[in-house]
Amino acid sequence: MTEQIFAVGGAIRDALLGLPVKDRDWVVVGSTPEQMAAQGYLPVGKDFPVFLHPVTRQEYALARTERKTARGYKGFAVHASPEVTLDEDLARRDLTVNAMAVAQVWMSDAPSAEQLKPHLHDPYGGLQDLQRQVLRHVTPAFREDPVRIMRVARFAARFPDFSVAPETMELMREMVLDGEVDHLVPERVWQELARGLMGAKPSRMLEVLRACGALKVLLPEVDRLWGVPQRPEYHPEIDTGAHLMLVLDMSAQLQQPLAVRVACLCHDLGKGNTPADLLPRHIGHEQRSVRLLQGLAERLRMPVDCRELAEVVAREHGNIHRSGEFNAAAVLRLLLRCDALRQPDRMQAVLWACECDARGRWGLQDAPYPQRQRLSDALTQVLAVPTAPIAAQAQAEGLTGPAVGERIQAARLQALSQWTASPNP
């Protein structure tokens, strides 16, 4: 059988949508591992035959089929041989929009939709679904891999104008009821969650996961926010879950990095556990949010930078919102609690997350958030205090240890007091 090479998956989808093509996935039909190695390809796949091109170092996978052998996304037996056809390889993919191929010879460095359409291999109607903006599973084999639920939700966040086909949503619900989602490993959940949060409209990811029941299994702390009333001064018809979706979309609108978006996702978790006698003020929700976040971060094995930023935001976002009423001493204490002097860049991210929270409300999407600039300027004033000569002078006076630190803090407070007393701090 003659060897043939095809570009498949996201590169074809994005080119047809007029988007930049970044990563290319290649499938080799009619070859064997021995033949690939003889051509200089370097084998790298552990679970199935994948090779690095000897020059470009791009990945080339042999066409393969998969058979379900156990629960979870790793429970598959992979079969790769020269007899596996391109259609059989495409059939194991998740969505029709990702199950199209183009022969390598027609795949230029910057392919356009017009260039690709005449040469498109599309056995499952991916182009039609792209044009109709529908996310649809390829075959019933979709149900064999629970990661695909997360992928559909993630694609919904990336392409917010796309809808999930009713039959695909029903299949996802069945998978949740069958317990398939219970067997997802934390690393894959986090990987797909992070990519979904970086989508154009992260709220769509939560919307899809809620609709199929997966959010309750994967992120029960988040799922509990729906149906919980907001504080009375906010729109009463918007519950805490709806507020969360607005906050996440604001983080995308403001083009914030992943750590800020994670903080937006987790900052109000405690409101889902507010005792009835403390509603609707949500008294003490900050401490509950931190505790729930810590459990969630450990369960998902969240990166340290995301976890630490989210903890600061969960604990202090209420104080940051109220900081316009604080005097210099209270502002300094807030900055110290946030470890802003040691980590000023992280403090800027904390302030952006708080702005997303404040503007993630109906009617306030375009409202100013002066707290961010005021606290940023206050931090600049504190960091400008020359601590080395102050410490040297204190030591010359015989002070040691905490007493030196107190002298430095007094100087910082004095600088902050002078700044807040100025006409336009």
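Kindly indicate whether residue 261 is in the same structural domain as residue 289 (by TED's automatic domain parsing), part of a helix (DSSP H, G or I), within 27 Å of residue 366 (Cβ to Cβ) and touching a residue at least 24 places away in the same chain (Cβ under 8 Å). So residue 261 fits the description; yes. Taken over region 127-154, the criterion of being out of contact with any helix residue (DSSP H, G or I) (no Cβ under 8 Å at 6 or more places or on another chain) and in contact (Cβ under 8 Å) with a residue 40 or more places away in the chain is satisfied by 144, 145.
Within region 47-76, the set of residues being part of a loop (DSSP other than H, G, I, E, B) and modelled with pLDDT under 70 comprises 47, 69, 70, 71, 72, 73, 74, 75.
In the set 269, 265, 278, only one residue is of a type outside the set (Lys, Arg) and at pLDDT below 90; that residue is 278. Within the span defined as region 101-118, every residue fails to be in contact with a Leu (Cβ under 7 Å, 6 or more places away or on another chain), closer than 28 Å to residue 182 by Cβ and aliphatic (A, V, I, L, M). Taking the numbered list (1) in contact with a strand residue (DSSP E or B) (Cβ under 6 Å, 6 or more places away or on another chain); (2) crowded, with 21+ Cβ neighbours inside 10 Å; (3) not assigned by TED's automatic domain parsing to the domain that holds residue 27 in turn, residue 157 passes all entries but (1). For region 1-32, the candidate set comprises residues that are touching a residue at least 40 places away in the same chain (Cβ under 8 Å) and in contact with a Gly (Cβ under 9 Å, 6 or more places away or on another chain); within that set, the residue that is surrounded by the most Cβ atoms within 10 Å (Cβ to Cβ) is 12.
Can you work out which of the residues in region 360-409 that are among the hydroxyl-bearing types (Ser, Thr, Tyr) and part of a helix (DSSP H, G or I) is surrounded by the fewest Cβ atoms within 10 Å (Cβ to Cβ)? Here the answer is 380. Restricted to region 174-229, the set of helices (runs of 4 or more DSSP H) holding at least 2 residues that are out of contact with any Ser or Thr (no Cβ under 8 Å at 6 or more places or on another chain) and among the hydrophobic types (A, V, I, L, M, F, W, C) comprises 186-197, 203-212, 214-218. Only one entry of 304, 331 meets the criterion of being aliphatic (A, V, I, L, M), surrounded by 15 or more Cβ atoms within 10 Å (Cβ to Cβ) and under 30 Å from residue 385 (Cβ atoms), and that entry is 331.
The values are calculated or read from the model by the stated rules, or taken from the named source; none is laboratory data. If you're wondering where the values come from, they're calculated on a predicted model, not measured in any experiment. All Cβ positions, even for glycine, are placed from backbone atoms using ideal geometry, and neighbour counts span all protein chains on display.
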